[in-house]
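Student: First the structure, which I've put down as structure tokens, then a few questions once you've had a look.
The values are calculated or read from the model by the stated rules, or taken from the named source; none is laboratory data. Owing to the predicted nature of the structure, the values given are computational and were not obtained by experimental measurement. When we count neighbours, we look across all protein chains shown, and the Cβ atoms used for this are built from the backbone with ideal geometry, even at glycine.
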Amino acid sequence: MGSNALAEILAAVTPEQFASAVTRAADLLRAGEVVALPTETVYGLAANALDALAVSRIYEAKGRPANNPIIVHVADLAMAQSCVAAWPPAAARLAQALWPGPLTLVLPRSPAIPDIVAAGGPTVAVRWPRHPLMEAVIRKCGFPLAAPSANPSGRTSPTTARHVLQGLGQRIPLVIDGGPTPVGIESTVVDLSGVTPILLRPGMIHSAELEASLGMPIKRLATAATEGTLRSPGLLSKHYAPKARLILCGWRDEGDLDRLVKELVPAGVRCRILAHTAIPSGELASLTRLLSLDPHQFAQRIFAELHDCDTDNIGIILVEEIPSGSAWDGIRDRLQRAAHG
Ligand code: AMP
Ligand code: MG
């Protein structure tokens, strides 16, 4: 920590590279260090979840506020159960249906999990990620890994090893490059510590899927718009923000978009348009990047587009309004937070 040397970056394309990346990562993690690793959602900055000093290095590297708890990653059910003090039927059902996958369960915390992981609270958030590298590293270590997204606190989560290097390259020893992450936004977080399941953070596993597996309705808690009044740990209002001002807006046609750009973008400020249905031509086309109409493909790309805006010194990002369906809930949440950031 604190050294200005750039992180080592290891590819994991061939089986030999994969094996040596896993060994190198596990060696550092056993020694109490932090390592950036790919998961299916975004890249995580991992440390031994059972070692408070190792976890403190995550907070230090990210500049993460101490009241924001960290998700603990496991690679089998027994390891998940070792992190919690209760395993209710709802947890068993969701784990059976959706693990490994982009779903985090908040449960009563086992005494094995240090305070720092849970920001001092009585619960712990646990997830079994679906990513061969992450799973192999956890199994090699034999202990669970605390891992928030591998970015400076408050900034856009990394979906490539290059994003990790740009944000934290001088603050961490190692990044394992597993290519672009397939899901692209952070996990769905469900609180199962009370009587009713509560959706704390929407993600690509949406409420209809959760309800189908649970066999009961799930309470929806946070939206970016109401979040200012929430006091739950870990639900910070300023989060996931690119450097630019982000505005969600719709336009009917070219002329309408042209008016919007003239009205919203001051002279000398660079603007980018992220469109997915209403695609401009002419001069506006040069400002525009196209995203998919499919929510999974949209989610997979959106953070890379926001990172590109940071690198290209964009001052204002106009994001075309996304559809209202629940498949878009996770994406809408991130865009709204980015807009309020
Ligand atoms: P990230 O920064 O993407 O790793 O996300 C971590 C998020 O997981 C936090 O911001 C919380 O929303 C959630 N989380 C982690 N631990 C807990 C917990 N014990 N209780 C409630 N939410 C949690
Ligand atoms: Mg994060």
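Student: I'm trying to understand the selection: among the residues of the range 95-130, which are away from ligand 1 (no atom under 15 Å from the Cβ), surrounded by 16 or more Cβ atoms within 10 Å (Cβ to Cβ) and among the aliphatic types (A, V, I, L, M)?
Tutor: Result: Ala95, Leu98.
Student: Does Ala66 fit the bill of being under 23 Å from Gly203 (Cα atoms) and either in contact with a strand residue (DSSP E or B) (Cβ under 7 Å, 6 or more places away or on another chain) or modelled with pLDDT under 95 (or both)? Show your work before the answer.
Tutor: Working: under 23 Å from Gly203 (Cα atoms): no; either in contact with a strand residue (DSSP E or B) (Cβ under 7 Å, 6 or more places away or on another chain) or modelled with pLDDT under 95 (or both): yes.
No, not satisfied.
Student: Where the second residue is within 10 Å of ligand 2 (Cβ to nearest atom) and outside any loop (DSSP other than H, G, I, E, B) and the first is under 16 Å from Thr23 (Cα atoms) and lies in the range 141-154, which pairs have Cβ atoms under 8 Å and are six or more apart or on separate chains?
Tutor: From residues that are under 16 Å from Thr23 (Cα atoms), the pairs are Leu145/Gly44.
Student: Restricting the search to the range 131-145, which residues are within 15 Å of ligand 1 (Cβ to nearest atom) and in contact with an Asp or Glu (Cβ under 9 Å, 6 or more places away or on another chain)?
Tutor: Just the residues of the range 131-145 that are within 15 Å of ligand 1 (Cβ to nearest atom), to begin with: 131, 134, 144-145.
If the condition is that a residue be within 15 Å of ligand 1 (Cβ to nearest atom) and in contact with an Asp or Glu (Cβ under 9 Å, 6 or more places away or on another chain), then His131, Met134 are the ones that fit.
Student: Mind counting the residues in the range 269-283 that are more than 21 Å from Thr311 (Cβ to Cβ) and hydrophobic (A, V, I, L, M, F, W, C)?
Tutor: Counting residues in the range 269-283 that are more than 21 Å from Thr311 (Cβ to Cβ) and hydrophobic (A, V, I, L, M, F, W, C) gives 2.
Student: Within the range 19-54, which residues are within 23 Å of Ala112 (Cβ to Cβ) and among the small types (Gly, Ala, Ser)? Give the derivation first.
Tutor: At the first step, the residues of the range 19-54 found to be within 23 Å of Ala112 (Cβ to Cβ) are 25-35, 37, 39, 44-54.
Correct list: Ala25, Ala26, Ala31, Gly32, Gly44, Ala46, Ala47, Ala49, Ala52, Ala54.
Student: Just to be sure before I move on: is Ala161 modelled with pLDDT of 95 or more, aliphatic (A, V, I, L, M) and within 16 Å of ligand 2 (Cβ to nearest atom) in the structure I sent? Let's see the steps before the verdict.
Tutor: Values: modelled with pLDDT of 95 or more: yes; aliphatic (A, V, I, L, M): yes; within 16 Å of ligand 2 (Cβ to nearest atom): no.
No.
Student: Moving on. Between Ala36, Ala125, Ala61, Ala46, which is touching a Leu at 6+ places or on another chain (Cβ under 9 Å), modelled with pLDDT of 95 or more, part of a helix (DSSP H, G or I) and within 15 Å of ligand 2 (Cβ to nearest atom)?
Tutor: Values: Ala36 fails: part of a helix (DSSP H, G or I); Ala125 fails: part of a helix (DSSP H, G or I); Ala46 fails: part of a helix (DSSP H, G or I).
Ala61 is the lone residue from the list that is touching a Leu at 6+ places or on another chain (Cβ under 9 Å), modelled with pLDDT of 95 or more, part of a helix (DSSP H, G or I) and within 15 Å of ligand 2 (Cβ to nearest atom).
Student: Out of everything in the range 166-187 that is more than 22 Å from Val55 (Cβ to Cβ) and hydrophobic (A, V, I, L, M, F, W, C), what residue ends up being nearest to ligand 2 (Cβ to nearest atom)? Spell out the reasoning first.
Tutor: Of all residues in the range 166-187, those more than 22 Å from Val55 (Cβ to Cβ) come to 166, 177-185.
Remaining after also requiring hydrophobic (A, V, I, L, M, F, W, C): 183, 185.
Details: Val183: 14, Ile185: 10 Å.
Ranking the qualifying residues of the range 166-187, first place goes to Ile185.
Student: Okay, moving on. Within the range 217-327, which strands (runs of 3 or more DSSP E) (wholly inside it) include 2 or more residues that are charged (D, E, K, R) and modelled with pLDDT of 90 or more?
Tutor: Numbers: elements: 245-249, 271-275, 288-290, 316-320.
Qualifying strands (runs of 3 or more DSSP E): none found.
Student: Take Pro152 and decide whether it is within 15 Å of ligand 2 (Cβ to nearest atom) and assigned to a loop (DSSP other than H, G, I, E, B). Give the steps one after another, and end with the answer.
Tutor: Numbers: within 15 Å of ligand 2 (Cβ to nearest atom): yes; assigned to a loop (DSSP other than H, G, I, E, B): yes.
It is true that Pro152 is within 15 Å of ligand 2 (Cβ to nearest atom) and assigned to a loop (DSSP other than H, G, I, E, B).
Student: Output the number of the condition that Pro144 fails; it satisfies all remaining conditions of (1) within 15 Å of the chain's Cα centre (by Cα); (2) closer than 22 Å to Ser56 by Cα.
Tutor: Of everything listed in (1) within 15 Å of the chain's Cα centre (by Cα); (2) closer than 22 Å to Ser56 by Cα, Pro144 misses just condition (1).
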